[in-house]
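Following: one structure in structure tokens, then a few remarks.
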Amino acid sequence: MQKTIIWLRNDLRLKDNPALYEAAEHGIVIPVYIFDNKTQNDWKLGGASKWWLHHSLVSLAKDFKKFGINLIIRSGNPKEILGKLLIESVADAIFWNRCYEPDSIKRDTDIKKSLEESGIKVKSFNASLLFEPWEIKNQQGNNYKVFTPFWKHCLSLPQQSEPLSEPKFKPTDIALKSDNIESLQLLPKNPDWSGGLAEKWQPGEAGAILLLNHFLDNSINNYSNGRDIPALGSTSTLSPHLHFGEISPRQIWHAVNFHAEINSSPKERHNLQKFMAEIGWREFSYNLLYYYPDFATQPFNKKFAYFPWLEDAENLRLWQQGKTGYPIVDAGMRQLWHTGYMHNRVRMIVASFLTKHLMIHWHEGAKWFWDTLVDADLASNSAGWQWVAGCGADAAPYFRIFNPVLQGKKFDPDGEYVRKWVPELANIDRKYIHSPWESPKIIRNYPSPIVDHAYARDRAMQAYNAIK
DNA sequence: TTTTGAGTTGTTCGA
DNA sequence: GTCGAACAACTCAAA
């Protein structure tokens, strides 16, 4: 009987896991997670992501345990560890699901080559994207640079196949040494800032499926409008689960289509399409990162290499801490700090504020998000920041500079979101919730705006004009 | 090859 | 208070 090592990465689930499924069909599986925060070149896991990973691994180990299978945990260089594991387990094959970040592609290509040279069977699968980036090309044979035609093309392709069920595992008595998940030291201590994260999230496959069902039952019917109102919580918040592969986009695709079959009013279909387009943006981001391997650091629009970004450590710190004096910006930054998450609409507002009002490089914002977001994802994070900064693919026109007061009034009219995350403003009059400096009453402990909107807007426009 | 239509998420100004 | 136009001009995708 074939013995296969399953090298798990961002595919921490049992259902719809192609590498695991195929290996289990043919014999015994040995699931392995290798934590590598040294040899990986850059973009080492941020604090919030580490917290998530810890709990996701605990959950996955428990799920395997139900079938009498041990999830093997190791720490170090994947190439060396896989080599050792092959010897210890006398396995015939190694399967994995593909990663798409440039460094990961390089690493996996190298490992695959050397394993094959030693006669080991290696097979990789697609578990985290609906469409392989190299398969999506326009009629000229190039990658798409505009979202709408990209997504139209994707939707014109044959239907997604059905998600795979949980594998039927064959009994195994293989006993390999495994590290404790605790020994990876993924959890924060001194101080432990993770209380807010634990309140909000349930990492792991079960939590992901619960959340998808909750979203389809409760929120999707108002998605198109509701997704812009941060106080409503109408977005799916599936992003961290998707990032770690606790659920697959294919499972989401099918769940959404099933939902569409039983609720097919035009309005509901519109909401479902809007939601699937967000999954489409994730695909688009992965395409960009695939075709432009330096997308995480280099502006897609090369003109922006000459943009006069300002270095301002103090303003950067105030932005990070949620002390800019603009309530909607500060609420977002504090939601992020507290929960490891920020509502999509507010991400745009705070990113616009950093890059346009403060004219601080989008790299700084991307780095902060990378460390603090539980859904930190190289493709989506880079694409999002480039888009807001104006240098990305299909980006916002440069003169589109969000007015944080208007955005607040429009999308948080009662200030419910602001009051929740900025307690200093909890009792301020509705009229002044987004511009507390206009309030006749004295507001304690809340800063004045660190920059004047009209001045900052004008300054940003001049800077953009300079690189045209 | 040339042409044509279109492009996630806005703001400001002035009537 | 509401509404439409201006904001610039470019690149992409497909016919």
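Odds and ends about this structure:
- Distance between the modelled labels on A:F67 and A:E25, one decimal in nanometres: 1.4 nm (7 Å Cα→Cβ projection).
- Working from Cα pairs under 8 Å separated by at least six residues, relative contact order for chain A is 18 percent.
- For the stretch A:141-241, the set of trypsin sites (Lys or Arg not before Pro) satisfying both a DSSP loop assignment and a count of at most 13 other C-beta atoms within 10 Å is given as A:K168, A:K177, A:K189.
- Centroid-to-centroid separation of the stretch A:164-214 and the stretch A:316-338 [C-alpha atoms, Å]: 30 Å
- Spacing of the modelled spin labels on A:D371 and A:W253, each 7 Å from Cα toward Cβ, amounts to 3.7 nm.
- Placing unit charges on each Cβ (+1 for Lys and Arg, -1 for Asp and Glu) gives chain A a dipole about its Cα centre, and among A:P293, A:I28, A:I120 the Cα reaching farthest toward its positive end belongs to A:P293.
- Between the stretch A:247-312 and the stretch A:421-438, the Cα center-to-center distance that results, in Å: 34 Å
- A:E135/A:R269 FRET efficiency (R0 30 Å; Cβ-Cβ; nearest 0.05): 0.65
- Extension gain, A:Q185-A:V58: 0.36 nm per intervening residue step, less the Cα-Cα distance, totals 44.4 nm.
- Helix-only arithmetic for chain A: the sum of -39500 (n - 2.57) across DSSP H runs with n ≥ 4, divided by the residue total, places the mean residue ellipticity at 222 nm at -14500 deg cm²/dmol.
- Applying the criteria of a DSSP loop state and at most 13 other Cβ atoms within 10 Å to the GluC sites (Glu not before Pro) of the stretch A:257-333 yields A:E311.
- By the rule of a C-alpha distance below 19 Å, with chain neighbours fewer than 8 residues away ignored, the aspartates and glutamates paired with A:K79 are A:D11, A:D36, A:D42, A:E88, A:D92, A:E101, A:D103, A:D108, A:D110, A:E116, A:E117, A:D179.
- Ranked A:I6, A:I442, A:I360, criterion: other C-beta atoms within 10 Å, fewest first: A:I442, A:I360, A:I6
- Inter-part distance, the stretch A:130-145 to the stretch A:38-69, computed on C-alpha centroids, equals 32 Å.
- Listed by Cβ neighbour count within 10 Å, with the fewest neighbours leading, A:H243, A:H153 appear as A:H153, A:H243.
- Applying a threshold of 32 Å to the alpha-carbon distances of A:K15/A:K137; A:K44/A:K409; A:K367/A:K410; A:K302/A:K367 flags A:K44/A:K409 as lying beyond it.
- Here each label is just a point 7 Å from Cα along the line to Cβ, and for A:E314 and A:D217 those points are 5.2 nm apart.
- Straight-line cross-link partners of A:K66 among the aspartates and glutamates, defined as a Cα under 13 Å from its Cα and at least 8 positions apart when in the same chain: A:E166.
- Exposure proxy ranking for A:T39, A:T237, based on other Cβ atoms within 10 angstrom of each Cβ and starting from the fewest, stands as A:T39, A:T237.
Just so you know, all these numbers are worked out from the coordinates, no wet-lab data involved. Treat the numbers as computed from the prediction; the structure is a model and nothing was measured. As a convention, Cβ positions derive from the backbone with ideal geometry for all residues, glycine included, and neighbour counts pool all protein chains shown.
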